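Below is one structure; the comments refer to it alone.
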Amino acid sequence: MNEQEAQVTRFEGTVAVWFSAHFQATRRDWNLIEEFKGPYHPLLGYYKSDDPAVLRQQLRWMRRAGIDAIVYDCYGFAEWNLTDMKHDRALALLAEELAHQEDESRKLKLIIWLEKYVANPTLEQYRYALDYVRRSLAEKDFYFRYAGRPLVLTYYGGQNDDIDEIEWENDYFTLRRIKPYYSDLWSYVQHYPQRLNREWMVASPGFDPYLENAYLAKYYRKEPNPDFDKIRQDCRKWAADREEGEFFKKQLLRVRYGNPAIVFLSGWNDWQYALQIEPAVEYGFQYVDMAARLLGREAETVPYRDQ
């Protein structure tokens, strides 16, 4: 499908976007941008995710992008684990907003993603989280259902006997394992050309792991590694440059050709890996509006085009 065809034919699958709210608990991403001179800076400034005004603005911009579902990351940071879901103010605010969309022409859905930064959750943590989602979220009208059941995604970080046990126990959720790059599992980021898949595909604006690797080199090695230029060169071997927006365009058109049931835009605000499409000082609404246009949803998102 070419660009002109994509603009005039609507993508009828589900458009989901990865969303992180760890900014309520840690300033790590913002610190990385400042210390290691990240290339992009959020239009909203260095915000906190549990600020209601910030969240409402982000939801408006997601609707502007033609997004249908939000994949909420629980938890991609070290300070909390899955048993802290009851303390997650950003998740509570998001659920409250999604429960009151009567006046919105675009109704957003919620998908929960369970993970633990640089580790796997324990069996008890998985059980707690799934019970919490079932009791608090899964039966709400705004929760996304796939294959007839509420969808929960779990991060696959290598051998994980606990998630095997959870999947064996489960008779309520649709559970899908997910990891980055090429795999037999679902994915949330891939190089171009992405694998064609009728069930799911991904579209990212480009990705750069430099900030994270520089951070780990400085803070997690026994001896600080000052050779950040070398680290960046190594990371660039597999990072994808944004190509002034052309990389995202190629990925979206590849998705339109594959026509999957779900497309994952990765991600809304993953500033740490420069995966974000959230509006930035440097590129404005380029990726938000490109998504709506190439998914054939530009006309229906007009009400959200004022900032």
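The values are calculated or read from the model by the stated rules, or taken from the named source; none is laboratory data. All values derive from a computational prediction rather than experimental measurement. Positions of Cβ are generated from backbone atoms using ideal geometry, with glycine treated the same way; all protein chains shown enter the neighbour counts.
Being in contact with a Leu (Cβ under 7 Å, 6 or more places away or on another chain), assigned to a loop (DSSP other than H, G, I, E, B) and aromatic (Phe, Trp, Tyr), is that true of even one residue in segment 125-145? Outline the logic, then answer.
Going through segment 125-145, the residues in contact with a Leu (Cβ under 7 Å, 6 or more places away or on another chain) turn out to be 125-126, 128-129, 137, 142-145.
After this cut, where a residue has to be assigned to a loop (DSSP other than H, G, I, E, B) as well, the list is 137, 142, 144.
If we keep only those that are aromatic (Phe, Trp, Tyr) as well, we get 142, 144.
Yes; the residues of segment 125-145 include at least one that is in contact with a Leu (Cβ under 7 Å, 6 or more places away or on another chain), assigned to a loop (DSSP other than H, G, I, E, B) and aromatic (Phe, Trp, Tyr).
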Which residues, counting only those in segment 1-49, are touching a Pro at 6+ places or on another chain (Cβ under 7 Å) and within 22 Å of Gln286 (Cβ to Cβ)?
Leu43
If you go through segment 93-109 one residue at a time, how many are within 21 Å of the chain's Cα centre (by Cα) and surrounded by 14 or more Cβ atoms within 10 Å (Cβ to Cβ)?
8
Have a look at Ala25, Ala92 and point out the one that is of a type outside the set (Lys, Arg) and touching a residue at least 40 places away in the same chain (Cβ under 8 Å).
Ala25
Output the qualifying pairs, or none if there are none: Cβ atoms under 8 angstrom, residues six or more apart or on different chains, first residue in segment 267-296 and more than 29 Å from Tyr117 (Cβ to Cβ), second residue among the aliphatic types (A, V, I, L, M) and in a strand (DSSP E or B).
Leu295/Val15; Leu295/Val263
Mind checking which residues of segment 43-73 are buried (at least 16 other Cβ atoms within 10 Å of the Cβ) and either over 28 Å from Ser105 (Cα atoms) or hydroxyl-bearing (Ser, Thr, Tyr) (or both)?
Tyr47, Ser49, Tyr72
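Please find, within segment 236-291, the residue that is modelled with the lowest pLDDT out of those that are of a type in the set (Asp, Glu) and over 20 Å from Ala21 (Cβ atoms).
To start, the set of residues in segment 236-291 that are of a type in the set (Asp, Glu) comprises 241, 243-244, 246, 270, 278, 282, 289.
Cutting the leftovers down to over 20 Å from Ala21 (Cβ atoms) gives us 241, 243-244, 246, 282, 289.
On the way: Asp241: 87, Glu243: 93, Glu244: 92, Glu246: 96, Glu282: 95, Asp289: 98.
Restricting to residues being of a type in the set (Asp, Glu) and over 20 Å from Ala21 (Cβ atoms), the top hit is Asp241.
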Segment 240-268, subset crowded, with 24+ Cβ neighbours inside 10 Å and polar (S, T, N, Q), residue farthest from Pro193 (Cα to Cα):
Ser266
Do you know which residues across segment 10-24 are out of contact with any helix residue (DSSP H, G or I) (no Cβ under 7 Å at 6 or more places or on another chain), surrounded by 13 or more Cβ atoms within 10 Å (Cβ to Cβ) and assigned to a loop (DSSP other than H, G, I, E, B)?
Arg10, Gly13, Ser20
